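The values are calculated or read from the model by the stated rules, or taken from the named source; none is laboratory data. Computed from a prediction, not measured in an experiment: that's the story for all the values here. For neighbour counting, all protein chains shown are included, and Cβ atoms are generated from backbone atoms with ideal geometry for every residue, glycine included.
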Amino acid sequence: MLSLSKHEWLSQIHFDRAGRSPVLKPNDNGKKMSDWIDAVDENALANGENIVIDVDGTDVAIFKIDDKFYAIEDVCTHDGAEIASGRLEGDEIICPRHGARFCVKTGEVKSPPAYENIDCFPVRIENGKVQVRDNRWD
Ligand code: FES
């Protein structure tokens, strides 16, 4: 019988690209689960705009605020609305369904009816492209 600690077991869970069901894969010796993905040209978004892209099966919303980029999962933690279609006020996005507010820079929930943060992702600029990666399973 396979005997793994909880940490060892969790470190071997990977999500398939098409869906979100976890599958066990052999340990890949520290290779990152998600590589950096080109999201959009560095100059394609105006401040206050966003774009949603698929990152390994997760919809990720990338926002440009004050010439910097931030990425959060495009899902409201209250009831699953696509948060990127909400209204942006400063660095807060307002859920279009029931009005919960989240900080786009950190994913932190700022007002009910949501009480859980949204996952946020690292962003970088590389060769004129905004890149993002899902680091949740590193
Ligand atoms: S789905 Fe976002 S506040 Fe309800």
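Return yes or no: is C76 touching a residue at least 24 places away in the same chain (Cβ under 8 Å) and near the ligand (Cβ under 9 Å from one of its atoms)?
Numbers: touching a residue at least 24 places away in the same chain (Cβ under 8 Å): yes; near the ligand (Cβ under 9 Å from one of its atoms): yes.
It is true that C76 is touching a residue at least 24 places away in the same chain (Cβ under 8 Å) and near the ligand (Cβ under 9 Å from one of its atoms).
Among the numbered criteria (1) in a strand (DSSP E or B); (2) over 21 Å from W137 (Cα atoms), which one does A84 miss?
(1)
Got a number for residues in the range 85-105 being within 12 Å of the ligand (Cβ to nearest atom) and of a type outside the set (S, T, N, Q)? Before you say what the answer is, go through the steps one by one.
Applying the first criterion (within 12 Å of the ligand (Cβ to nearest atom)) to the range 85-105 yields 85-86, 93-102.
Narrowing the set further to residues that are of a type outside the set (S, T, N, Q) leaves 86, 93-102.
Of the residues in the range 85-105, 11 are within 12 Å of the ligand (Cβ to nearest atom) and of a type outside the set (S, T, N, Q).
I'd like the full set of residues that are in a loop (DSSP other than H, G, I, E, B) and either among the hydrophobic types (A, V, I, L, M, F, W, C) or in contact with a Leu (Cβ under 8 Å, 6 or more places away or on another chain) (or both), limited to the range 87-105. So that I can check it myself, show each step before the final result.
Step one: filter the range 87-105 for residues in a loop (DSSP other than H, G, I, E, B), giving 90-91, 95-100, 104-105.
Within the range 87-105, C95, A100, V104 qualify.
So in the range 116-135, with the set limited to residues that are in contact (Cβ under 8 Å) with a residue 24 or more places away in the chain and surrounded by fewer than 15 Cβ atoms within 10 Å (Cβ to Cβ), which one is farthest from the ligand (Cβ to nearest atom)?
Step one: filter the range 116-135 for residues in contact (Cβ under 8 Å) with a residue 24 or more places away in the chain, giving 116-126, 128-135.
So of that shortlist, the ones also surrounded by fewer than 15 Cβ atoms within 10 Å (Cβ to Cβ) come out as 116, 122, 124-126, 128, 135.
Numbers: E116: 11, P122: 24, R124: 29, I125: 30, E126: 32, G128: 34, N135: 24 Å.
Step by step, filter the range 116-135, then rank; the result is G128.
Looking at S111, is it of a type in the set (S, T, Y) and modelled with pLDDT under 95?
no
Would a scan of the range 106-115 turn up a residue that is buried (at least 16 other Cβ atoms within 10 Å of the Cβ), in a loop (DSSP other than H, G, I, E, B) and within 13 Å of the ligand (Cβ to nearest atom)? Steps first, please.
Start the filter on the range 106-115 by keeping residues that are buried (at least 16 other Cβ atoms within 10 Å of the Cβ), which leaves 107, 109, 114.
Filter again for in a loop (DSSP other than H, G, I, E, B), leaving 107, 114.
From what is left, the residues that are within 13 Å of the ligand (Cβ to nearest atom) are 114.
Within the range 106-115, one or more residues are buried (at least 16 other Cβ atoms within 10 Å of the Cβ), in a loop (DSSP other than H, G, I, E, B) and within 13 Å of the ligand (Cβ to nearest atom).
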